[in-house]
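The values are calculated or read from the model by the stated rules, or taken from the named source; none is laboratory data. None of the values given here were measured: they were computed from a predicted structure. Cβ placement follows ideal geometry from the backbone for every residue including glycine, while neighbour counts extend to all protein chains displayed. We work out accessible area using only protein heavy atoms, side chains counted, and drop any ligands, DNA or RNA first. Shrake-Rupley method; radii C 1.70, N 1.55, O 1.52, S 1.80 Å.
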Amino acid sequence: MLSLVSMFSLCAAVASANAQLSTPIRAKIPFDFTVGDKKLPAGEYTFSRLSFLNTTTMLISSVDSSTHLVQSTFGAQVLTPKNESTLVFHKYGDQYFLEQIWTGGEQEGTQLPESRDERSTRRQLGQIQHTNMSGKVMRVETVDIVASLL
């Protein structure tokens, strides 16, 4: 029993030494959006990255504390960083999917994996375009929302 407690204590110490919490950012999202398999209502949210051993997780919480979500992510890089902290969404018609999170002035950001819902929506859009005779082309749009550091 003592060795089990010692092992747990050692694991907890290693975990806390390897975990890093980035500076959270806050943004007011004016539309409903999807993160992973969860649809979130429009509102004000905080976004925090937690790096643990070689994995990165995004903690997303509504400011009113009604919504909490944990999403696996991976790193993204740009040569020229944005001046302001920014959330990047893919927009298909009236559906929005969170794609990236950037902290102003940093070359490294957070990329969210494409969700099953977004893949399905993209495929459906391709089928609609194939059969659309009106001449209108619907495509994915990119929408940026400026955020602030907490």
Those residues of the range 44-78 which are modelled with pLDDT of 95 or more and either of a type in the set (Lys, Arg) or open to solvent by 70 Å² or more (accessible area, probe 1.4 Å) (or both) amount to 44
Somewhere in the range 92-102, is a residue surrounded by fewer than 18 Cβ atoms within 10 Å (Cβ to Cβ), in contact with a Pro (Cβ under 8 Å, 6 or more places away or on another chain) and of a type in the set (Asp, Glu)? no
Quick one: in the range 133-150, which of the residues that are surrounded by 12 or more Cβ atoms within 10 Å (Cβ to Cβ) and either among the β-branched types (Val, Ile, Thr) or assigned to a loop (DSSP other than H, G, I, E, B) (or both) is modelled with the lowest pLDDT? 138
Quickly run through the range 118-128 and pick out the residues that are at pLDDT below 80 and over 17 Å from residue 94 (Cβ atoms). 126, 127
Pairs with Cβ under 6 Å, 6+ apart, first in the range 106-122 and closer than 11 Å to residue 72 by Cβ and without any contact (Cβ under 8 Å) to a residue 60 or more places away in the chain, second of a type outside the set (A, V, I, L, M) and crowded, with 18+ Cβ neighbours inside 10 Å: 111/100
Give just the number: which of (1) open to solvent by 80 Å² or more (accessible area, probe 1.4 Å); (2) modelled with pLDDT under 90; (3) in contact with a strand residue (DSSP E or B) (Cβ under 8 Å, 6 or more places away or on another chain); (4) more than 19 Å from residue 148 (Cβ to Cβ) does residue 19 not satisfy? (1)
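Only one residue in 41, 81 is open to solvent by 30 Å² or more (accessible area, probe 1.4 Å), without any contact (Cβ under 8 Å) to a residue 40 or more places away in the chain and under 17 Å from residue 104 (Cβ atoms). Which one? Spell out the reasoning first.
Details: 41 fails: under 17 Å from residue 104 (Cβ atoms).
Matching residue, one of 41, 81: 81.
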Could you list, in sequence order, the residues of the range 72-95 that are of a type in the set (A, V, I, L, M, F, W, C) and in a strand (DSSP E or B)? 74, 76, 87, 88, 89
So if I check each of 59, 98, 69, which one is touching a residue at least 60 places away in the same chain (Cβ under 8 Å), in a strand (DSSP E or B) and among the aliphatic types (A, V, I, L, M)? 98
